[in-house]
1. State which residue pairs qualify: first residue over 16 Å from Leu7 (Cβ atoms) and inside segment 157-182, second residue at pLDDT below 85 and surrounded by fewer than 17 Cβ atoms within 10 Å (Cβ to Cβ) in any location, beta carbons under 7 Å apart, and separation of 6 or more residues or different chains.
2. Are any residues in segment 29-68 among the β-branched types (Val, Ile, Thr), within 14 Å of ligand 2 (Cβ to nearest atom) and crowded, with 16+ Cβ neighbours inside 10 Å, and if so, which ones?
3. If you go through segment 4-27 one residue at a time, how many are within 11 Å of ligand 2 (Cβ to nearest atom), more than 13 Å from the chain's Cα centre (by Cα) and part of a loop (DSSP other than H, G, I, E, B)?
4. May I ask you to verify whether Glu135 is more than 16 Å from ligand 2 (Cβ to nearest atom), without any contact (Cβ under 8 Å) to a residue 24 or more places away in the chain and either over 14 Å from the mean Cα position of the chain (by Cα) or under 13 Å from Cys22 (Cβ atoms) (or both)?
5. So which of Ser110, Ser79, Ser71 ends up being without any contact (Cβ under 8 Å) to a residue 40 or more places away in the chain and either of a type in the set (Gly, Ala, Ser) or crowded, with 21+ Cβ neighbours inside 10 Å (or both)?
6. What number of residues in segment 76-103 are charged (D, E, K, R) and either closer than 16 Å to Asp62 by Cβ or touching a strand residue (DSSP E or B) at 6+ places or on another chain (Cβ under 7 Å) (or both)?
7. Given (1) on the phi > 0 side of the Ramachandran plot; (2) under 18 Å from the mean Cα position of the chain (by Cα); (3) at pLDDT below 95, identify the lone condition not met by Gly30.
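The values are calculated or read from the model by the stated rules, or taken from the named source; none is laboratory data. Since the structure is predicted, the reported quantities are computational estimates derived from the model, not experimental observations. A quick note on method: Cβ atoms are made from the backbone with ideal geometry, for glycine too, and the neighbour counts reach across all protein chains shown.
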Amino acid sequence: MDDYKFLFKVVLVGNAGVGKTCLVRRFTQGLFPPGQGATIGVDFMIKTVEIDNEKIKLQIWDTAGQERFRSITQSYYRSAHALILVYDISCQPTFDCLPDWLREIEEYASSKVLRVLVGNKIDRDDREIPTRVGEDFAQRHNMYYLETSAKESDNVEKLFNQIAAELMEVRILIDFTTPVNLRMGWEQYTHYFGCEDQGLFSTCEFP
Ligand SMILES: Nc1nc2c(ncn2[C@@H]2O[C@H](COP(=O)(O)OP(=O)(O)OP(=O)(O)O)[C@@H](O)[C@H]2O)c(=O)[nH]1
Ligand SMILES: [Mg+2]
C-alpha cells in the first residue's frame, strides 16, 4: 500500500541536452540511460523517500527543453512545490539562458516555489562555468545551488533528498492559497495540493 504522508511536486526545467532526464532516471531508477533521446513534452516519474521517519512521495515532472514545447511545459510550473533549473557546466550557452528561464519561472510558478539551480555533468573535463560563477548566480537569485553528475551519480540523491527535506521544513510557511495567476476554487485547490490522485490530503498540514 502507498502509505506516504506527504506529496510534493518537483519540476525540472532547463535547456535541451543539459541532462534533466538523466538526473531523473538516475534518481528514480538508479541508471544512466545510454543514448537518452530528447524529451517530448513532459515525462513523469515518482519516487518515495523517507525523511525523519516520514514517507514523502515526490512526483517528478521532467520537461522538454526544446523551445517548441515551451507552451506545454509552462503549464506545469504552476503546481510545482520545487523547481530544479538545470544547466550543463560544460556548455556556456546553457548557463547564459538561465535569466530567460528565471523569467519563465517568475511568470508561471508560485512565488513561494522552492528554486534550486543545478550545474550538471561535473564528470566532464571540459568545464566552461566555474563552480563559483554558478554559486554566485544562485545566490543573487535566491536559489539553492548544487553541482551534479547524472553519469557518475554525484549528488543526485542529495539533490532530491534535500529538496524533500526542505519542503518538509517550509510546508507550513508556504502560502498555498495564492499561486500565481490562479484564483482558487476547490478544484484548483486539490490540483495544487496534488491530493486528487490518491484522495489523500497529503501535501501539507495546516497549523
Ligand atoms: N557526461 C555526462 N553526460 C550527461 C550527463 N547527464 C546527461 N548527459 C548526456 O547529455 C545528453 C542529454 O541528456 P538528457 O538527459 O536527455 O537531457 P535533457 O535535459 O533531458 O534534454 P531534453 O529532454 O531535450 O530537454 C545525453 O547524451 C546524456 O547522455 C552527465 O552527468 N554527464
Ligand atoms: Mg529530457
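1. As it stands, the answer is Thr177/Met184; Leu182/Gln188, since those pairs meet every condition given.
2. Thr39, Val42, Ile60, Thr63, listed by residue number.
3. 4
4. The answer is yes for Glu135.
5. Only one candidate qualifies: Ser71.
6. 1
7. Condition not satisfied by Gly30: (3).
One line per residue, one yes/no per condition, for (1) at negative phi; (2) loosely packed, with under 14 Cβ neighbours inside 10 Å; (3) touching a Cys at 6+ places or on another chain (Cβ under 9 Å):
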site	(1), (2), (3)
Arg103	yes, yes, no
Lys121	no, no, yes
Arg124	yes, no, no
Glu147	yes, no, no
